[in-house]
Amino acid sequence: MSANNVQLVDRIVGALETAIFNGELLPGRRISEVDLSSAFGVSRGPLREAIRKLEARHLFNRTAFHGIRMVDLSIDDLEQLLVVREVLEGAAARAAAENISEEEIKKLKRFSEDEGRRKSALTFAPTTKGFHHLIARASKNRWLEQMLCKDLYGLLCAYRYSSVDLAQRAEDARQEHHEIVKAIARHDGDRAEALMRKHNRNGRADLIKRLRAKGVAQPVSSLRRIPRIKAPRHNRSLR
């Protein structure tokens with residue numbers, strides 16, 4: 001595959017991830033390659049390659065006679081993923097305490113301080129520039145970063161469009177973030193890991209309890225048109 005086609009596939013992957021997060025693709029709903037090809041303005045070759053990449057990350061499922069469907073995570077699935085998240089993020093916090101640079105410490109502290117001032121709603125699915133991403137990258141462990149930032153966080157974003165927020169425990173979560181940052185800045189790996197795991201257990205217990213008590217509203221939106229992706233001008237013939 002040419003470099004331009006690789007770039008195009010990566011752009012389609014990004015557009016599909018955005019569509020999942022925004023609720024433009026519905027959990028459990030069959031994916032139409034024809035509709036997506038038309039919406040993206042690309043041929044089905046690079047689209048299929050992009051879908052295969054997301055299949056490998058378990059965001060799409062392919063079954064005989066039913067085609068391709070976006071993953072539809074149950075509350076039990078979510079709880080199991082959050083258990084895995086506790087273990088991996090605990091390891092990432094320990095590694096970050098051991099390997100983080102001074103510049104990364106400053107960035108993490110700034111983010112934590114800004115988070116307290118913003119007092120915006122927190123979600124269980126981390127954003128690409130958020131607190132948990134920063135720690136995963138500071139771990140300097142490419143396998144941990146891949147498993148968290150790409151695989152696990154992508155699946156969490158797929159859960160009912162990541163529409164569940166942590167508003168009811170937001171202040172506690174922010175304080176827990178502050179304590180984790182302090183431990184990492186002191187290069188105290190034991191404490192950083194323990195605090196991160198406790199933070200995840202607290203969030204998981206609160207979230208799952210509320211989800212089981214109230215249930216989760218089923219999505220009602222449908223696939224909306226996604227901004228057209230254009231291949232590089234000199235590579236149009238490869239579409």
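Things to note:
- Relative contact order of segment 75-214, taken over Cα pairs closer than 8 Å and 6 or more residues apart, is 42 percent.
- Residue exposure sequence - Thr127, Thr63 - by fewest surrounding Cβ within 10 Å: Thr63, Thr127
- Dipole in debye (nearest 20) - segment 75-214, about Cα centre, beta carbon charges: Lys, Arg +1; Asp, Glu -1: 320
- Within segment 1-148: Cβ-based charge dipole about Cα centre, in debye rounded to nearest 20 (Lys, Arg +1; Asp, Glu -1): 300
- Between Pro46, Gly67, Gly130, the Cα set farthest toward the positive side of the dipole of segment 17-133 (charges on each charged residue's Cβ, about the Cα centre) is that of Pro46.
- Placing unit charges on each Cβ (+1 for Lys and Arg, -1 for Asp and Glu) gives segment 139-198 a dipole about its Cα centre, and among Cys157, Met147, Met196 the Cα reaching farthest toward its positive end belongs to Met147.
- Using a Förster distance of 45 Å, the FRET efficiency for Asp10-Asp206 (Cβ separation, nearest 0.05): 0.80
- Chain lengthening between Ala170 and Ser32 when straightened (0.36 nm per residue, less Cα-Cα): 45.9 nm
- Pairs beyond 31 Å (Cα-Cα), from Lys106/Lys214; Lys150/Lys182; Lys129/Lys182; Lys140/Lys198; Lys106/Lys198: Lys106/Lys214
- Residue order for Leu36, Leu211, Leu8, fewest other beta carbons within 10 angstrom first, comes to Leu211, Leu36, Leu8.
- Ordering Cys149, Cys157 from the fewest to the most neighbouring beta carbons within 10 Å gives Cys149, Cys157.
- Cα convex hull of segment 75-214, projected area averaged across orientations, nm²: 7.3
Where a number appears in this text, it was derived from the coordinates with a stated rule and is not lab data. Remember, predicted model here, so these are calculated numbers, not experimental data. Note: ideal-geometry Cβ built from the backbone for every residue, glycine included; neighbour counts use all protein chains shown.
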